1. How many of the residues in segment 23-40 are open to solvent by less than 60 Å² (accessible area, probe 1.4 Å), in contact with a strand residue (DSSP E or B) (Cβ under 8 Å, 6 or more places away or on another chain) and within 17 Å of residue 84 (Cα to Cα)?
2. Which residues, counting only those in segment 55-65, are farther than 19 Å from residue 21 by Cβ, surrounded by 14 or more Cβ atoms within 10 Å (Cβ to Cβ) and not hydroxyl-bearing (Ser, Thr, Tyr)?
3. Is there a residue in segment 59-66 that is among the small types (Gly, Ala, Ser) and farther than 15 Å from residue 27 by Cα?
4. Can you name every residue in segment 87-107 that is within 17 Å of residue 33 (Cα to Cα) and either assigned to a strand (DSSP E or B) or in contact with a Leu (Cβ under 9 Å, 6 or more places away or on another chain) (or both)?
5. Please go through segment 42-60 and give me each residue that is assigned to a loop (DSSP other than H, G, I, E, B) and small (Gly, Ala, Ser), ordered by number.
6. Looking at segment 63-84 only, could you name the residues that are in contact (Cβ under 8 Å) with a residue 24 or more places away in the chain and closer than 28 Å to residue 33 by Cα?
7. Applying the selection to segment 66-107, what residues are of a type in the set (D, E, K, R) and exposed (fewer than 13 other Cβ atoms within 10 Å of the Cβ)?
8. Would you say residue 50 is surrounded by fewer than 17 Cβ atoms within 10 Å (Cβ to Cβ) and closer than 16 Å to residue 84 by Cα?
Amino acid sequence: MNKYFLLLISALLISCTSMNEDKGKITINNTSASPVSDVRIEYKNAGRVDAIGDLPAHSTYTYAITYTDAEDSLYIHYIDSHNQAHAKNVVAYAAKYDKEHHTFTIK
């Protein structure tokens, strides 16, 4: 009986751990037929910008959010195949005590 109880507890702990691994990240999906360039994440309040670089067509990139003691909002910037710059709010509210998984799709 104890052996089965330990197996059940272990399975529950493993599943909870894997669910939390995806929190605090932004998945960026470029579903367009063209690559995008100069992809970067801007932390509005902190004044920080993390450069990601180019993202090929039909690809995905996972970005880990860097949390501070203060709340922040995050914007994604990129240049499309027509050399048009885009800036979109991807995380309206980011706080280390309220980590979420966010998804942003470029079409």
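The values are calculated or read from the model by the stated rules, or taken from the named source; none is laboratory data. Not measured: the values here are computed from a predicted model. Quick reminder, even Gly has a Cβ in these numbers, built from the backbone with ideal geometry, and neighbours come from all protein chains shown. Surface accessibility is based on the protein's heavy atoms, side chains included, excluding ligands, DNA and RNA. Shrake-Rupley method; radii C 1.70, N 1.55, O 1.52, S 1.80 Å.
1. Result for segment 23-40: 5.
2. Listed by number, the list holds a single entry, 55.
3. The initial filter retains those residues of segment 59-66 that are among the small types (Gly, Ala, Ser), namely 59, 64.
From the residues that got through so far, the ones that are farther than 15 Å from residue 27 by Cα too are none.
Scanning segment 59-66 turns up no residue that is among the small types (Gly, Ala, Ser) and farther than 15 Å from residue 27 by Cα.
4. So the first thing to find is which residues in segment 87-107 are within 17 Å of residue 33 (Cα to Cα), and the list is 104-107.
Within segment 87-107, 104, 105, 106 qualify.
5. Initially, segment 42-60 is screened for residues assigned to a loop (DSSP other than H, G, I, E, B), giving 44-47, 56-58.
Those that are assigned to a loop (DSSP other than H, G, I, E, B) and small (Gly, Ala, Ser): 46, 47, 57.
6. Initially, segment 63-84 is screened for residues in contact (Cβ under 8 Å) with a residue 24 or more places away in the chain, giving 63-65, 67-81.
Selection gives 63, 64, 65, 74, 75, 76, 77, 78, 79, 80, 81.
7. Applying the first criterion (of a type in the set (D, E, K, R)) to segment 66-107 yields 69, 71-72, 80, 88, 96, 98-100, 107.
If the condition is that a residue be of a type in the set (D, E, K, R) and exposed (fewer than 13 other Cβ atoms within 10 Å of the Cβ), then 69, 88, 98, 107 are the ones that fit.
8. Details: surrounded by fewer than 17 Cβ atoms within 10 Å (Cβ to Cβ): yes; closer than 16 Å to residue 84 by Cα: no.
No, not satisfied.
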